[in-house]
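Down below is the structure, laid out as structure tokens.
The values are calculated or read from the model by the stated rules, or taken from the named source; none is laboratory data. Bear in mind the structure is a predicted one, so any value in this text is a computation, not a measurement. We place every Cβ from the backbone using ideal geometry, glycine too, and count neighbours over all the protein chains shown. Remember, those area values only see protein heavy atoms, side chains included, never the ligands or the DNA or RNA. Shrake-Rupley method; radii C 1.70, N 1.55, O 1.52, S 1.80 Å.
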Amino acid sequence: MQITKRLIGKTLELKVEGRVDGYWADHLAAAVDQEIRQGSHHIRLDLSQVAFLSSAGIGTLVRFYKDLKSIQGSFAVLNCSRFVLKALELSKLVEVLVAEAPESLLTNEASGSSTVEARVPASIRQVERSGAIYEIYPLAPESKLECRRLGDATPLERCGFAQEHCRTMQFSDSAFAIGLGALGEHFEECRGRFGEFIAAGGAVAYLPTDGTNVPDFLMAGGTTFPDVQVCYGIACHGANPRPFSSLIRFEAKKSGEPVALSLLLESCLDLIDAQQIGIIMIAESAGLIGAALRRSPVIAASESNAFEFPRIRDWLSFTAERAYTKSVVLAAGIAVRGSAGALAPVIRPFPNGSSSGLPLAGHFHAAAFSYRPVQRGQIDLKASVKSLFEGQALEGILHLLSDDRALSGSGESELVRGACWIAPISNLTAEEAQA
């Protein structure tokens, strides 16, 4: 099989030559998936030189159509050969998949561009900095977040959490939270399963430490929200149903490197002119660096030196290299320049620091899902979170860290493109566990 491509405006046209059967359909799928990962969301296949199309090939075409349609993209086949057209007619998919080339795509083909260019609405700012392009969509400009530290992280050092350290909590779809917890109605039910959790957009996901190593989740049902047993963490909420002031879209430049997490956070702080922000992010990953608990740190397993080398290997799993390199991630957390006040005990500095002269610190958890492209433009947080949990496989959960060891460090998490829902933090408080 041979595939050649050309870009016409914002539409990518791929000309396929050869057979699209059970074997070659996988090669075609890999090629198209790679283009989607690189940001092409409008794709046409020229099948004029395809001599055979099997049911496996048709299934691949239908998947492309569904995947791109789900993110407001488009997919169609053009110039079908006699054999391809017959196969699509037998499958009754001609009206779905076959499209004539629009006139706008035929304009200025030699220059590879269309005469009609999509313009960024005047209300949206577009900024280029640090190898990435940012688009800022105003949502509720006056919205601010209140963030509080839940409980005390100190018992983690000796793996000594007990019932008096934890509490039952629910998080609405206008709030988010990260920390150490488990899904369940009471402490005793969860004592052997506490692990990293993330709550955002009405969903809660966590990584049980009961030996299964299989992440689990629950979605909100109407006005009913899942119970979470929380040992410690950070929770943020807004004063109204629209808690975020801005949606910031970002994308690494085509010729540039992926966007490092610390650079993304610093850009977001600058773009909304704040020193403390809360963020929920859905992004395509170029690799995550982090750690996750392997055992539940309850008092029954209390050990004074659990996190000293070499025993730390029994308690924590680290990413020796970037993980989830071709996934889509849901991440949440806070980023702070300067003083973090009551949240200081549960945030960590980013080793790359900050160009503003103030130290940059934060705390983020990420849930990794099987890949799907992130829809462009202004998107809805709750709908996007729901689509991830209902349509993609949850692969893992990490507490994001930076590995800055001089010789063997893996650096920090990197992202290709995505959407960040952001608001300044107006109040930082500490809330002790309820006995």
What are the residues in segment 231-263 that are touching a Cys at 6+ places or on another chain (Cβ under 6 Å) and more than 25 Å from Ser143 (Cα to Cα), if any?
Cys231
Based on this model, can you work out whether Glu251 counts as in contact with a strand residue (DSSP E or B) (Cβ under 9 Å, 6 or more places away or on another chain) and open to solvent by 10 Å² or more (accessible area, probe 1.4 Å)?
yes
Determine, yes or no, whether Arg313 is in a helix (DSSP H, G or I) and open to solvent by 50 Å² or more (accessible area, probe 1.4 Å).
yes
Unique residue being surrounded by fewer than 22 Cβ atoms within 10 Å (Cβ to Cβ), in contact (Cβ under 8 Å) with a residue 24 or more places away in the chain, out of contact with any strand residue (DSSP E or B) (no Cβ under 9 Å at 6 or more places or on another chain) and more than 20 Å from Ile279 (Cα to Cα) when the list is Glu257, Glu188:
Glu188
Can you spot a residue in segment 411-431 that is under 26 Å from Arg149 (Cβ atoms), at pLDDT 85 or above, hydroxyl-bearing (Ser, Thr, Tyr) and surrounded by 21 or more Cβ atoms within 10 Å (Cβ to Cβ)?
yes
The one condition Glu395 fails out of (1) buried (at least 21 other Cβ atoms within 10 Å of the Cβ); (2) modelled with pLDDT of 85 or more; (3) of a type outside the set (Ser, Thr, Tyr) is (1)
For Leu218, state whether it is under 17 Å from Phe389 (Cα atoms) and either in contact with a strand residue (DSSP E or B) (Cβ under 7 Å, 6 or more places away or on another chain) or in a loop (DSSP other than H, G, I, E, B) (or both).
yes
Return the residues of segment 143-185 that are assigned to a strand (DSSP E or B), β-branched (Val, Ile, Thr) and either without any contact (Cβ under 8 Å) to a residue 12 or more places away in the chain or open to solvent by 50 Å² or more (accessible area, probe 1.4 Å) (or both); say none if nothing qualifies.
Thr168
From (1) touching a Pro at 6+ places or on another chain (Cβ under 9 Å); (2) closer than 27 Å to Ser40 by Cβ, pick out the condition that doesn't hold for Gly391.
(1)
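Table: residues versus (1) open to solvent by less than 10 Å² (accessible area, probe 1.4 Å); (2) among the aromatic types (Phe, Trp, Tyr); (3) modelled with pLDDT of 90 or more.
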position: Val214; (1), (2), (3): no, no, yes
position: Gly221; (1), (2), (3): no, no, no
position: Phe225; (1), (2), (3): no, yes, no
position: Tyr232; (1), (2), (3): no, yes, yes
position: Arg242; (1), (2), (3): no, no, no
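Residue by residue, here is whether (1) in contact (Cβ under 8 Å) with a residue 24 or more places away in the chain; (2) of a type in the set (Asp, Glu); (3) touching a Ser or Thr at 6+ places or on another chain (Cβ under 6 Å) holds:
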| position | (1), (2), (3) |
| --- | --- |
| Thr4 | no, no, no |
| Glu13 | yes, yes, no |
| Gly18 | yes, no, no |
| Tyr23 | no, no, no |
| Ala56 | yes, no, no |
| Leu61 | yes, no, no |
| Val84 | yes, no, no |
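Can you tell me which of Gly39, Gly18 is surrounded by 15 or more Cβ atoms within 10 Å (Cβ to Cβ) and over 24 Å from the mean Cα position of the chain (by Cα)?
Going through Gly39, Gly18 in turn, just one is surrounded by 15 or more Cβ atoms within 10 Å (Cβ to Cβ) and over 24 Å from the mean Cα position of the chain (by Cα): Gly18.
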So, in segment 375-391, of the ones that are assigned to a loop (DSSP other than H, G, I, E, B) and closer than 15 Å to Ala200 by Cβ, which residue ends up most open to solvent (accessible area, probe 1.4 Å)?
Asp380
Only one of these conditions is not met by Ala110: (1) surrounded by fewer than 10 Cβ atoms within 10 Å (Cβ to Cβ); (2) under 24 Å from Leu47 (Cβ atoms); (3) modelled with pLDDT of 85 or more. Which number is it?
(3)
Checking Ile279 against (1) β-branched (Val, Ile, Thr); (2) open to solvent by 10 Å² or more (accessible area, probe 1.4 Å); (3) in contact (Cβ under 8 Å) with a residue 40 or more places away in the chain, which single condition isn't satisfied?
(2)
Does Leu61 meet the test of being modelled with pLDDT under 90, surrounded by 18 or more Cβ atoms within 10 Å (Cβ to Cβ) and either on the phi > 0 side of the Ramachandran plot or in a helix (DSSP H, G or I) (or both)?
no
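Out of Arg6, Arg44, report the one residue that is modelled with pLDDT of 90 or more, under 33 Å from the mean Cα position of the chain (by Cα) and either in a strand (DSSP E or B) or buried (at least 20 other Cβ atoms within 10 Å of the Cβ) (or both). Spell out how you get there, then give the answer.
On the way: Arg6 fails: modelled with pLDDT of 90 or more.
Arg44 is the lone residue from the list that is modelled with pLDDT of 90 or more, under 33 Å from the mean Cα position of the chain (by Cα) and either in a strand (DSSP E or B) or buried (at least 20 other Cβ atoms within 10 Å of the Cβ) (or both).
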List the number of the failed condition for Gln72; all other conditions in (1) open to solvent by 60 Å² or more (accessible area, probe 1.4 Å); (2) more than 23 Å from Pro373 (Cβ to Cβ); (3) at pLDDT 50 or above hold.
(2)
The number of residues in segment 240-262 that are farther than 12 Å from Ile133 by Cα and either touching a Phe, Trp or Tyr at 6+ places or on another chain (Cβ under 7 Å) or among the hydrophobic types (A, V, I, L, M, F, W, C) (or both) is 6
